[in-house]
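The values are calculated or read from the model by the stated rules, or taken from the named source; none is laboratory data. Just so you know, these numbers come straight off a predicted model, no measurement behind them. Here the Cβ positions follow ideal geometry from the backbone for every residue, glycine too, while neighbour counts run over all protein chains shown. Surface areas here come from the heavy atoms of the whole protein model, side chains and all, with no ligands, DNA or RNA. Shrake-Rupley method; radii C 1.70, N 1.55, O 1.52, S 1.80 Å.
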Amino acid sequence: MATPQNNSIAIIGAGLSGLCLALALHSENIPCEIYESRAEPLSIGGAIMLSPNALKILDDLGIYSRLTPLAYNFDKLYFRTEEDKLLDVFEFGSAEKHGYQGMRIYRFELVRVLLDALADRGIEPKYGKKFIRVINEDVEGGSVTWEFADGSTASAALLVGADGIHARVRTHINADATPVFTKMIGVTAAVPTAQLGLDDMTESGYPLPVIIMNKKHGAFVIAPQKKDASVVLIGKQRIFAEDLDKAGWDEIINNKEWCLDFLRKGSEDYPAIVGRAVSNIPITVLNLWPFYAIPKLPSWSSEAGRLLILGAAAHAIPPTAGQWLQKQQCQGARLVPSTSALKEWQRRRQERVDQILDLNARINKRRMPVPEGNSEDLASEEFDMRWLYDVDFDLMVDGIVAAAA
């Protein structure tokens with residue numbers, strides 16, 4: 001039998017979105033429960049980049065100070081030509097201009113800090129609870145009831161699907177929405193920074209992180225990880241023109257030797273630093289990331305307003321520009337009572353997502369190989385990031401609530 005908790009919010013998924021939402025709900029004195037299909041918290045995975053807009057959220061949630069001792073902090077992302085000349089600079093953060101430097105931190109460490117902050121508030125996810133289906137969305141009773149894979153059920157005032165790009169909760173709002181593989185993959189590895197042979201990583205020397213352009217092979221990324229920058233991520237992206245069946249994609253995704261060959265392919269056509277970066281790559285540190293997209297959805301909430309999706313479940317944003325976290329997805333608590341507010345939230349949030357997707361596309365254009373015969377300059381227009389980094393999220397949410405009143 002379900003245990004009614006009609007004054008609480010249930011969150012499906014203990015990833016970044018779900019955990020941040022739980023902290024935001026606690027700050028509004030709204031009780032919540034978190035359910036995660038995994039048997040235990042995420043303990044592996046690569047690093048992610050967080051820009052000032054995301055760091056302001058984490059600061060508001062009270063965890064920024066816990067992250068800085070664990071993270072590599074930086075201001076700029078550098079673009080260099082295949083002749084190793086500085087091409088362009090992308091501002092990823094600035095304490096002076098935007099209040100925060102950019103940050104690179106392992107995803108599992110960010111998850112751990114979020115979990116510790118929730119534990120301090122008496123909130124702990126329930127693991128091994130895989131959401132299966134909604135049983136009943138009771139409009140008059142003001143509750144929703146659902147079932148888990150183990151046969152148990154639960155109920156709450158609102159059910160929030162923060163269960164990622166392959167979300168199950170989404171099927172109860174948009175039955176036909178399925179992730180689409182973009183045919184783009186990223187192959188990465190983590191190697192010691194000493195392997196690069198750099199004597200000076202300051203701005204006057206060879207600063208990191210860097211994206212080294214190459215028209216034939218695409219861009220090669222080098223980005224420090226860990227507080228002391230003792231490890232770097234190296235990586236390349238590829239778009240597949242051919243159509244492969246599932247078996248074909250599975251073969252590529254699980255083939256570590258293919259990943260190693262792909263990272264090393266054409267290294268002689270890059271500056272010498274790339275050759276040194278790929279000179280020693282243990283198979284165990286290789287990762288392949290297929291990029292999926294979600295078609296723009298007509299709704300992020302059910303008609304009755306008792307089901308809601310957020311984060312990658314609603315709008316999968318590729319990692320190109322480091323936009324993993326947005327405060328509007330943590331502020332759903334203030335929008336729960338009104339379906340009109342939820343619609344207004346989606347409209348404004350989608351506008352911002354569209355801008356970020358456009359930014360991703362512009363950055364990706366620099367990273368991918370240039371088609372043969374195309375003489376297009378690798379440099380493009382200057383990126384003005386003030387719209388992204390300096391947004392007032394509280395004012396934005398207040399405007400959503402007012403517009404829907």
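Relative to one another, the C-alpha centroids of region 23-70 and region 101-124 are positioned 5 Å apart.
Working note: Karplus 6.51/-1.76/1.60 with θ = phi - 60° gives region 270-277 the couplings 9, x, 4, 4, 5, x, 5, 4 Hz, where Gly and Pro are set to x.
Here the label points at TRP289 and SER230, each 7 Å from Cα along the C-beta direction, are separated by 2.4 nm in the simple model.
Pairs from the table (LYS76/LYS236; LYS76/LYS226; LYS56/LYS183; LYS76/LYS227; LYS56/LYS85; LYS129/LYS236) lying more than 24 angstrom apart at Cα are LYS56/LYS183; LYS56/LYS85; LYS129/LYS236.
Rolling a 1.4 Å probe over the protein heavy atoms leaves PHE131 with an accessible area of roughly 10 Å².
Couplings 3J(HN,Hα) of region 50-58, computed from phi: 10, 9, x, 5, 6, 5, 5, 4, 5 Hz, in residue order, whole Hz [Karplus 6.51 cos²θ - 1.76 cosθ + 1.60, θ = phi - 60°; x for Gly and Pro]. Could you work out the relative contact order of region 90-203? I mean the mean sequence separation of Cα pairs under 8 Å and 6+ apart, divided by the number of residues, in percent. About 12 percent, as a whole number. Loop-resident trypsin sites (Lys or Arg not before Pro) (DSSP state other than H, G, I, E or B) in region 82-124 with no more than 11 further Cβ atoms inside 10 Å of their Cβ: LYS85. Residues whose amide H falls under 5 Å from that of ALA47, counting only those 5 or more places apart or on a different chain, are ARG107, with hydrogens built in the peptide plane.
Net charge within 10 Å of GLY128 by Cβ-Cβ distance, Lys/Arg positive one each and Asp/Glu negative one each, not counting GLY128 itself? Computed value for this residue: +1. Each of THR81, THR284 has its accessible area taken with a 1.4 Å probe; listed largest first, they run THR284, THR81. Rolling a 1.4 Å probe over the protein chains gives LEU42 an accessible area of about 50 Å².
In loop segments of region 194-273 as defined by DSSP, the GluC sites (Glu not before Pro) with at most 16 further C-beta atoms inside 10 Å of their C-beta are GLU203, GLU242. For region 242-281, the set of trypsin sites (Lys or Arg not before Pro) satisfying both a DSSP loop assignment and a count of at most 14 other C-beta atoms within 10 Å is given as LYS265.
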